[in-house]
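K.L.:
Here's a structure for you.
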Amino acid sequence: MLEIKNLDVHFGVIHALKGVSLTVNDGDIVTLIGANGAGKTTTLRTASGLKKPTNGEILLDGKNITHVSAQERVRMGISHVPEGRRIFPTMTVLENLELGAYLRRDKDGIAKDLKMVYERFPILSDRKKQAAGTLSGGEQQMLAIGRALMSRPKILFLDEPSMGLAPLLVQEIFNIIKDINSSGTTILLVEQNASMALQIADYAYVIETGSIVLSGTGLELMQSEDIKKAYLGG
Ligand code: ATP
């Protein structure tokens, strides 16, 4: 579904991505793991059109979208849950969710998807009139994911969804990710929590200082001695 080919990204003189290539097959959960500053966020932001690459190509369903705007990529089926959630704190939960559907005009479809989001996250339904900034960290992550689902994506990008959450909530968020994937949405997941990410991933890539250094199934990487030492605490 998504193909990233030889992507180079610069921030001024900083060469943040150095020929990154990765593939996400339809229906899979693919994870990109790596340390702080390795280039995970930059990869997602470039794939969703928020940052321009200096070289390389991005294909969605075989179509070259490298020069397509971020907005058009949303229309084409990419939805991005950014690092740090980026919900709109003074707007209500419902208004945040409605913004996720701002490119859509199919009122009935939007209402159906809002119902689906409320069923998936009952707490958002209970809090729909509350300012989003008053939600807990875990609830804000649910809102950010719910907002992204409101564009009815084919592929969902998730940037560090577990960041800053208590262990029980991390487990809940990963269960939610698996569940969204089972309902037919392809997922590209960026995580520092390698252990959790590899457990749910069909395929995984490891990025170090802007380059992919290893890839394999989640299981293969979990069993790799190098990965155990570098990313799994043993
Ligand atoms: P983290 O988990 O900390 O977000 P990451 O793997 O997502 O790390 P990126 O945020 O993609 O890493 O950063 C990759 C490299 O690009 C780093 O060296 C970072 O300092 C640099 N970088 C990222 N954004 C910018 C920016 N706006 N201006 C300058 N350098 C940047």
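What follows is calculated from the coordinates using simple rules that are stated; it is not laboratory data. Values in this document were obtained by computation on a predicted structure and should not be read as measured data. Don't worry about glycine lacking a Cβ; one is built from the backbone with ideal geometry, like all the others, and counts go over all protein chains shown.
K.L.:
Of all the C-alpha pairs in the stretch 133-234, what % are more than 18 Å from each other? Can you show the working numbers first?
P.N.:
Values: 2573 of 5151 pairs.
Of the Cα pairs, 50 percent sit more than 18 Å apart.
K.L.:
To test your reading of the geometry: what angle, between 0 and 90 degrees and rounded to tens, separates the Cα axis of helix 137-149 from the longest principal axis of the chain?
P.N.:
90 degrees
K.L.:
Summing +1 for each Lys or Arg and -1 for each Asp or Glu, what net charge is found among the other residues whose Cβ lies under 14 Å from the Cβ of Glu160?
P.N.:
Numbers: positive: Lys40, Arg45, Arg85, Arg86; negative: Glu83, Asp159, Glu191.
Charge balance in the 14 Å sphere: +1.
K.L.:
Further question on the same structure: Using alpha carbons only, how many degrees (0 to 90, rounded to 10) separate the axis of helix 107-120 from the longest principal axis of the chain?
P.N.:
70 degrees
K.L.:
Pull up all non-local amide H partners of Gly19: gap of 5 or more, or a different chain, and H-to-H distance under 5 Å with H placed in the peptide plane.
P.N.:
Placed amide hydrogens put Leu7, Asp8, Val9 under 5 Å from Gly19.
K.L.:
Where nothing but the Cβ of Lys and Arg (+1) and of Asp and Glu (-1) is charged, how large is the charge dipole of the chain around its Cα centre, in debye to the nearest 20? Each step should come with its number before you reach the end.
P.N.:
Values: 26 positive and 26 negative charges, 155 e Å.
With Lys and Arg at +1 and Asp and Glu at -1, about 740 debye.
K.L.:
Under 1.5 on a/c is rounded, so check that first for the stretch 154-210, then, if it is not, pick prolate when a/b is larger than b/c and oblate when it is not; a ≥ b ≥ c are the square roots of the alpha carbon gyration tensor eigenvalues. All intermediate terms of the calculation are to be shown ahead of the outcome.
P.N.:
On the way: a/c = 1.76, a/b = 1.06, b/c = 1.65.
Here the stretch 154-210 falls in the oblate category.
K.L.:
Treating the angle as unsigned and between 0 and 90°, give the value, to the nearest 10°, between the Cα long axis of helix 167-182 and the longest Cα principal axis of the chain.
P.N.:
Roughly 90 degrees, rounded to the nearest 10.
K.L.:
Note down the Stokes-Einstein diffusion coefficient of the chain in µm²/s, whole number, using a Kirkwood radius over alpha carbon pairs, 25 °C, and 0.890 mPa s.
P.N.:
On the way: Rh = 18.0 Å.
Translational D for this selection: 136 µm²/s.
K.L.:
Under 8 Å for C-alpha pairs, at least 6 residues apart: give me the relative contact order for the stretch 1-115, rounded to a whole percent. Walk me through the intermediate numbers first.
P.N.:
Working: 128 pairs, mean separation 27.1, N = 115.
Worked out over the stretch 1-115, it gives 24 percent.
K.L.:
Of Lys5/Lys178; Lys107/Lys154; Lys18/Lys40; Lys5/Lys40; Lys115/Lys178, which sit over 24 Å apart, Cα to Cα? If you can, show how the numbers build up before the last one.
P.N.:
Working: Lys5/Lys178 26 Å; Lys107/Lys154 19 Å; Lys18/Lys40 12 Å; Lys5/Lys40 15 Å; Lys115/Lys178 19 Å.
From Lys5/Lys178; Lys107/Lys154; Lys18/Lys40; Lys5/Lys40; Lys115/Lys178, over 24 Å: Lys5/Lys178.
K.L.:
For the chain, what is the calculated [θ] at 222 nm in deg cm²/dmol (nearest 500), taking -39500 (n - 2.57) for each run of four or more DSSP H residues and dividing by its residue count?
P.N.:
Details: 10 runs with 90 residues, N = 234.
Roughly -11000 deg cm²/dmol at 222 nm, from the helical runs in the chain.
K.L.:
For Arg104 and Val68, calculate 0.36 nm times their separation in residues minus their Cα-Cα distance, and state this gained length in nm to one decimal.
P.N.:
Numbers: separation 36, 0.36 × 36 = 12.96 nm, distance 1.82 nm.
Net length gain for the segment: 11.1 nm.
K.L.:
On the first, second and third principal axes, largest extent first, how far apart are the outermost C-alpha atoms of the stretch 30-128 in Å?
P.N.:
That gives 45, 33, 26 Å along the principal axes, largest extent first.
K.L.:
Next question. Roughly speaking, what is the centre-to-centre gap between the stretch 102-154 and the stretch 1-62 when only Cα atoms are used, to the nearest Å?
P.N.:
Computed from Cα coordinates, the inter-centre distance equals 27 Å.
K.L.:
When only C-alpha pairs under 8 Å and at least 6 residues apart count, what is the relative contact order of the chain, in percent? Mind dumping the intermediate values first?
P.N.:
Details: 441 pairs, mean separation 65.2, N = 234.
Relative contact order of the chain: 28 percent.
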